[in-house]
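Student: My questions will all concern the structure given below.
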Amino acid sequence: MSFHKDHELHGRRFGRNIGVGLLLGGFIAIVFGLTVVKVLQLGEANKFERFDHVARPQLEPNPTLTTEPSE
Amino acid sequence: MTDVSFQDATERLEAGFGDYFALLKPRVMSLVVFTAFVGLLVAPVPVHPFIGFIGILCIAVGAGASGALNMWWDADIDAVMKRTARRPIPAGKVQPGEALGIGLTLSVFSVILLWLATNAMAAFLLAFTIFFYAVVYSMWLKRATPQNIVIGGAAGAFPPIVGWAVATGGISVESVLMFVVIFMWTPPHFWALALFMKSDYDDAGVPMLTVTHGRKSTRKHILVYAALLAPVAVALAFTSVGGPVYLVTALAMNVWFVKGSYDIWRRDETQAEADNYLTEKKVFKFSLLYLFGHFGALVVDAVFRNAGFGAWV
């Protein structure tokens, strides 16, 4: 059994904290949503795909030149 | 310190979330959101709905930030005027420094986010709008000239230009005309209010036209601005954003508005006091409808255009 009764001040601070929490959550949702939209607007991935630190022969401009054996 | 005095102090000084939100002038924000949305919607470049939403949100937050800066600067005036005495700062709920901090933070935040989400032009225009309202209007000219309402009107007229820039990345004759409509509409709208809310501005010592140039001159100014506004409002019908719905709306509403302003001009104070400023109140109420009518008609024409009813111009 608790004898402690919350002051009305705590109620108001609780409301303020909830408000700030919702704002921060909204900000995260905005940044995430913008990221998704901006990336999707780039179009098909193979149009802007690059090497990404790994050699990828399929992205070479003319791969046949390097694969044909020389006589 | 007794428990009682502690309780009194906390109740007076502790602001709720709603008090901070009130700093952003939500009612003004609703007009900003509406006109910016129309500017964005009628623009010829389609915008992704989420980007458009973020754009309008940034414009609304930027407008709210300039409102907070205005409340910080004008706290002394607000405390004197009946209409504004219950705002968070004069009411003692929010400290002036808090309002300044919120205003500055939200200004920077909204401009940067708008830049990242849309383009540099839209962000620049939003930053300029905030600067214009907070510095040029609130700090510089509001207390210095009876034309303060005209200057303040310019700040309130920017949102459709910013909305248009969110979509197009630029400024054009259509967005400038939307700006001019709000810019020319603001003085007769506020001066009609000042005619029947006379004591408020007098007490605060803000140089309103009604005080510095007299009420007869204010009536003349209302008529002149309404007459100059009419051709600009109708001209918008013949641009790429106009259409038959807008043209009919603009013609009807401008005839009524000029007629109402003419009625205000013809009256003197004795007549106005006799019927408790009936004409002035009617014109003020109609002026609210006027703006929503014009921008609403632009949306209707845009919907028709997008539905394939063809371009008007």
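The values are calculated or read from the model by the stated rules, or taken from the named source; none is laboratory data. It should be emphasised that the depicted structure is a prediction, and the values quoted were computed from it without experimental measurement. A quick note on method: Cβ atoms are made from the backbone with ideal geometry, for glycine too, and the neighbour counts reach across all protein chains shown. Remember, those area values only see protein heavy atoms, side chains included, never the ligands or the DNA or RNA. Shrake-Rupley method; radii C 1.70, N 1.55, O 1.52, S 1.80 Å.
Student: If you check every pair at least six apart or on different chains, which have Cβ atoms under 7 Å apart with a residue in the range A:24-42 that is more than 9 Å from chain B (Cβ to nearest Cβ) first and a residue that is part of a helix (DSSP H, G or I) second?
Tutor: Listed by first residue and then by second, the contacts come to A:Leu42/A:Phe48.
Student: Select from the range B:45-59 the residues that are away from chain A (no Cβ under 11 Å) and open to solvent by 10 Å² or more (accessible area, probe 1.4 Å) and write down the one among them that is farthest from B:Val241 (Cα to Cα).
Tutor: Ranking the qualifying residues of the range B:45-59, first place goes to B:Ile56.
Student: Being at negative phi and at pLDDT 95 or above, is that true of even one residue in the range B:148-157? First the steps, then the outcome.
Tutor: Just the residues of the range B:148-157 that are at negative phi, to begin with: B:148-157.
Filter again for at pLDDT 95 or above, leaving B:157.
Yes, the conditions are met somewhere in the range B:148-157.
Student: Residues of the range A:1-23 being modelled with pLDDT under 85, within 9 Å of chain B (Cβ to nearest Cβ) and over 11 Å from B:Gly16 (Cβ atoms), which ones?
Tutor: A:His7
Student: Another one. Return a yes/no flag: does the range B:187-199 have any residue that is in the same structural domain as B:Phe295 (by TED's automatic domain parsing), touching a Lys or Arg at 6+ places or on another chain (Cβ under 7 Å) and buried (at least 23 other Cβ atoms within 10 Å of the Cβ). Talk me through it step by step, then tell me what you get.
Tutor: Here is the first cut: in the range B:187-199, the ones in the same structural domain as B:Phe295 (by TED's automatic domain parsing) are B:187-199.
If we keep only those that are touching a Lys or Arg at 6+ places or on another chain (Cβ under 7 Å) too, we end up with B:195-196.
Next cut, buried (at least 23 other Cβ atoms within 10 Å of the Cβ) only: B:195.
Yes.
Student: Of the residues B:Arg83, B:Arg87, B:Arg27, which single one is at pLDDT below 95 and buried (at least 18 other Cβ atoms within 10 Å of the Cβ)? Lay out the reasoning, then the answer.
Tutor: Numbers: B:Arg83 fails: buried (at least 18 other Cβ atoms within 10 Å of the Cβ); B:Arg27 fails: buried (at least 18 other Cβ atoms within 10 Å of the Cβ).
Checking each option against the conditions leaves just B:Arg87.
Student: Regarding B:Val162, is this residue assigned to a helix (DSSP H, G or I) and surrounded by fewer than 19 Cβ atoms within 10 Å (Cβ to Cβ)? If you could, list the steps in order and put the result at the bottom.
Tutor: On the way: assigned to a helix (DSSP H, G or I): yes; surrounded by fewer than 19 Cβ atoms within 10 Å (Cβ to Cβ): no.
Taking the combined requirement at face value, the residue does not satisfy it.
Student: May I pose another question? Can you confirm whether the range B:129-147 contains a residue that is touching a Lys or Arg at 6+ places or on another chain (Cβ under 9 Å) and small (Gly, Ala, Ser)?
Tutor: Quick first cut of the range B:129-147, residues touching a Lys or Arg at 6+ places or on another chain (Cβ under 9 Å) only: none.
The answer is no, given that none of the residues of the range B:129-147 is touching a Lys or Arg at 6+ places or on another chain (Cβ under 9 Å) and small (Gly, Ala, Ser).
Student: Scan the range B:142-158 and report the pairs whose first residue is within 18 Å of B:Trp73 (Cα to Cα) and in the same structural domain as B:Phe37 (by TED's automatic domain parsing) and whose second residue is part of a loop (DSSP other than H, G, I, E, B) and open to solvent by 40 Å² or more (accessible area, probe 1.4 Å), with Cβ atoms within less than 9 Å and a gap of 6+ or a chain change.
Tutor: Listed by first residue and then by second, the contacts come to B:Arg143/B:Gly205.
Student: Among the residues of the range B:90-131, how many are more than 14 Å from chain A (Cβ to nearest Cβ), open to solvent by less than 70 Å² (accessible area, probe 1.4 Å) and either in a loop (DSSP other than H, G, I, E, B) or acidic (Asp, Glu) (or both)?
Tutor: 3
Student: Checking the condition over 26 Å from B:Lys142 (Cα atoms) and either in a loop (DSSP other than H, G, I, E, B) or touching a Ser or Thr at 6+ places or on another chain (Cβ under 6 Å) (or both), which residue from B:Gly242, B:Gly296 passes? Quick ask: steps written out before the conclusion?
Tutor: On the way: B:Gly296 fails: either in a loop (DSSP other than H, G, I, E, B) or touching a Ser or Thr at 6+ places or on another chain (Cβ under 6 Å) (or both).
After applying the criteria, what remains is B:Gly242.
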